[in-house]
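J.: Quick one: the structure is below, questions incoming.
Every number here is computed from the coordinates shown, using simple stated rules; none is lab data. Here the structure is a predicted model, which is why all the values come from computation and not from measurement. Positions of Cβ are backbone-derived with ideal geometry, glycine not excepted, and every protein chain shown enters the neighbour counts.
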Amino acid sequence: MSGTPWTQHLILVPVLLPLLTGAALILVNETRHGLKFGIDLGATLLLLATALTLFWRADQELWPGPMGVYLAANWMAPFGIALVADRLAALMLVLSAVLALAALIFAWQGWSRIGVHFHSLFLFLQMGINGAFLPHDLFNLFVFLEVMLAASYGLVLHGYNVTRMRASLQYIAINLVASLLFLIGIALIYASTGTLNMADLAPRVAALDPADHPLLQTGALILALAFLTKAAMWPLGFWLPSTYAAASPPVAAMLVLMTKVGIYAIIRVWPLAFGAGPLAGFALDALFWGGLATLLFGSIGMLASQEAGRMAGYGAIISSGMLLASIGASQTALIGIGLYYLIGSTLACAAFLLLAGLIERIRTPGAALIALTMEAFAIEEKPEEPVGVGIPAALAFLGLAFAGCALVITGLPPLAGFIAKFGILHTLLQESAGVPWPTWLFMSLILISGLAGSIALMRFGVRTFWTSGHLQPPKLQASEALPIAFLLGLCVTMTILASPLFAFLERASHDLTQPNTYVDRVLARPALPSPAGGPQ
Amino acid sequence: MEAVVAIAIGVLFGSGVWLILRPRTFQITIGLMLMSYAVNLFIFVMGRVWIDKAPLTLKPGIPAIGDYADPLSQALVLTAIVIGFATTALYLVIMIGARGLTGTDHVDGKEPKA
């Protein structure tokens, strides 16, 4: 152990801790909710602390690079498995821990008690997500994504009814096929370059014989198909809205993060493999146009949906489209702002999905149907009850939280969504040699998606909170209101701290454009000397 | 040899694709299994087609590359088989559950109107 500072082992904690805790929780009897919840909460808090420490260490450049490299079992990088924590990875770990904390607390009163092994699956999901943020090897990434997906299959089914069964039947089939595509992509990349190690890949792609380029390109595209299925790019994302709408609210909130894992993988792999050299910028055009199509699809879907769960799903699709198009536009400055947008929209979508679970309580199916018929026949409703009754606090909270989510998702001022959208538009207009027409198209689609989002969400809000005269003030528990307030509070904090956050994201995206530093840092990481007296 | 392997993988994968486009859950399961067989074989031959070579050589000294088959793709395929097996088993459970809850084996959970 000598020679390794303890902080080095912190990189492994986000994977190891949920694995061990989740496994231990299987042994605890299901009747002991409090104990299970307590252990899960403790583990999640520890994960948050670890993620924040890693974040701080990466940003203070306490590691050279600045990235922490962990060599599993002390094998040197191209041969063994290395885990890498740099600024971007640490940021995503923090995001994952924050969302998990909110979803877990939300699930305390109800959702975690209605089925078995909720906490174990929840921790395994965190393990998969965290693992997917840290990998350094394509096959390793595959394994972590499978862990994440396997846990999510169980969680989507949590609370077991016909809707969830039907949705997860399709969700699982699609993801199994995507995993097979992932494997084919990996195999082709291995066949053409002879490595799966991401740091080893970069120099080998640059030195590849042009005759082998088609094989590598095919492999990379098939790999990207698997990532983009997770990120729900059009036309690979039809599974998403029905899955989100069917899953229980805390699970759906975690699913929002899972779509971002696909985008993260692309941000990670693409600059390394196709950052420079003869294949630089390969397939970014496809990403850009795919992103635009996704934006359009998301906007149309948003206008067409009536339930909160589906709306949040289309909100996530819109944010995926925006991010993919930003990556495809291949301007370095856009990546930083895109990451800001990613954080804001993830937090808001997750908060909205949690909120949707609470709104369902005041919107009984009957009320929803009546509201629909009213719109279809344009009947004006005359409120019979006197106006001016004191608003119960629960309802006020729901309304305010809904407004907050809507502001971030649609990108209206003054919250984080607006800053992100404004930043993207501003950067797109900075083109010195005139703005080309695809960029104009992108900008108009950004605005159209915002408009569609505001129309759909406003319609939903008006119909839920204002039109029905006989609202039962729902019973809200603090453990259900707090996580939503927490997530929205973070969105507000993001708005206030926009300047330091932007500076940080600027540094993080700068790291991404320096694949050479990454390669040197990972491959040069020495294995520890064997302990004295041990076998050499 | 390569052509035979390639055709075999292609036929397996093609049959799998056809089956997963069918509306019954059992067909989808079989389709997924065929596809995962094809993919496993595919990973296997991506380490090149070797005949009668050991994955590791125990001779002293630095081994010549031609003496042994690529061990990495064999390791990869082992992991892929295990994961594929587990997820297919999970899918079977859900398939049975869906059959019990909805009373039909159609993927949409209801019979199409004739």
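J.: Per residue of A:181-193, how many C-beta atoms from partner chains lie within 10 Å of its own C-beta, taken as a mean? Kindly include the intermediate steps, with their values, before the conclusion.
T.: Values: counts 2, 2, 12, 7, 0, 5, 12, 3, 1, 7, 8, 1, 0.
Mean number of neighbouring Cβ atoms from other chains: 5.
J.: Compute the Rg to Rh ratio over the stretch A:76-199 from the alpha carbon atoms, using the Kirkwood formula for Rh, and round to two decimal places.
T.: Over the Cα atoms of the stretch A:76-199, Rg/Rh equals 1.04.
J.: Across the stretch A:275-281, in residue order, what do the Karplus-derived ³J(HN,Hα) couplings come to in whole Hz, using 6.51 cos²θ - 1.76 cosθ + 1.60 with θ = phi - 60° and x for Gly and Pro?
T.: Working through the residues one at a time gives x, 9, x, x, 9, 4, x Hz.
J.: Once the principal axes of the Cα atoms of the stretch A:196-297 are found, what is the range along each, listed largest first in whole angstroms?
T.: 50, 27, 18
J.: Let me ask you something else. Which value, in Å³ per residue, describes the convex hull spanned by the Cα atoms of the protein assembly as shown?
T.: Convex hull of Cα atoms, per residue: 183 Å³.
J.: Evaluate the charge dipole of the protein assembly as shown about its Cα centre and quote only its size in Debye, nearest 20, assuming +1 on the Cβ of each Lys and Arg and -1 on the Cβ of each Asp and Glu.
T.: Dipole of the protein assembly as shown, to the nearest 20 debye: 860 debye.
J.: Return A:ASP520, B:ASP52 ranked ascending by Cβ neighbour count within 10 Å, so the fewest neighbours appear first.
T.: Least crowded to most crowded, the residues run B:ASP52, A:ASP520.
J.: Follow-up. Write out the trypsin sites (Lys or Arg not before Pro) in the stretch B:1-100 meeting two conditions: DSSP loop, and at most 12 other Cβ atoms within 10 Å of their Cβ.
T.: Those that pass, being in a loop and sparsely packed, are B:ARG48, B:LYS53.
J.: Peptides A:148-159, B:5-16: what's the order by average Cβ count within 10 Å, highest mean first?
T.: The peptides rank, most packed first, as A:148-159, B:5-16.
J.: Using +1 at the Cβ of each Lys and Arg and -1 at the Cβ of each Asp and Glu in chain A, identify which of A:VAL256, A:ALA187, A:MET92 lies farthest towards the dipole's positive end.
T.: A:VAL256
J.: Oh, and also: Shielding by partners for B:97-103, please: the mean number of other protein chain Cβ atoms within 10 Å of each residue's Cβ. Could the numbers behind the result be given before it?
T.: Values: counts 5, 5, 1, 1, 6, 4, 0.
Counting Cβ atoms of other protein chains within 10 Å of each residue's Cβ and averaging gives 3.
J.: Ignore the peptide's own chain and count Cβ atoms of other chains within 10 Å of each Cβ in A:167-179; give me the average, rounded.
T.: Details: counts 1, 4, 12, 4, 1, 7, 10, 1, 1, 13, 8, 0, 7.
Other-chain Cβ atoms within 10 Å of each residue's Cβ, averaged: 5.
J.: Which whole-Hz ³J(HN,Hα) couplings does the stretch A:413-420 yield from phi under the Karplus relation 6.51 cos²θ - 1.76 cosθ + 1.60, θ = phi - 60°, glycine and proline marked x?
T.: x, x, 8, 4, x, 5, 4, 5
J.: Neighbour counts of other C-beta atoms within 10 Å: give me B:THR79, A:THR21, A:THR294 arranged from fewest to most.
T.: If I rank by nearby Cβ atoms, fewest first, I get B:THR79, A:THR21, A:THR294.
J.: With just the Cα atoms of the stretch B:29-111, tell me how far they stretch along each of the three principal axes, in Å, largest first.
T.: 65, 18, 15
J.: For each of A:PHE486, A:PHE133, count neighbouring Cβ atoms within 10 Å of the residue's Cβ, then give the residues from fewest to most.
T.: A:PHE486, A:PHE133
J.: So what is the relative contact order for chain A, in percent, with contacts set as C-alpha pairs under 8 Å and at least six apart?
T.: Answer for chain A is 17 percent.
J.: Another question, then. With θ set to phi - 60° and the Karplus curve 6.51 cos²θ - 1.76 cosθ + 1.60, what are the ³J(HN,Hα) couplings of the stretch A:241-246 in order, to the nearest whole Hz, using x for Gly and Pro?
T.: So the Karplus estimates, Gly and Pro as x, are x, 5, 5, 4, 5, 7 Hz.
J.: Another question, if that's okay. What's the longest bit of chain A with no exposed GluC sites (Glu not before Pro), using DSSP loop states and at most 10 other Cβ atoms within 10 Å as the test?
T.: A:1-379
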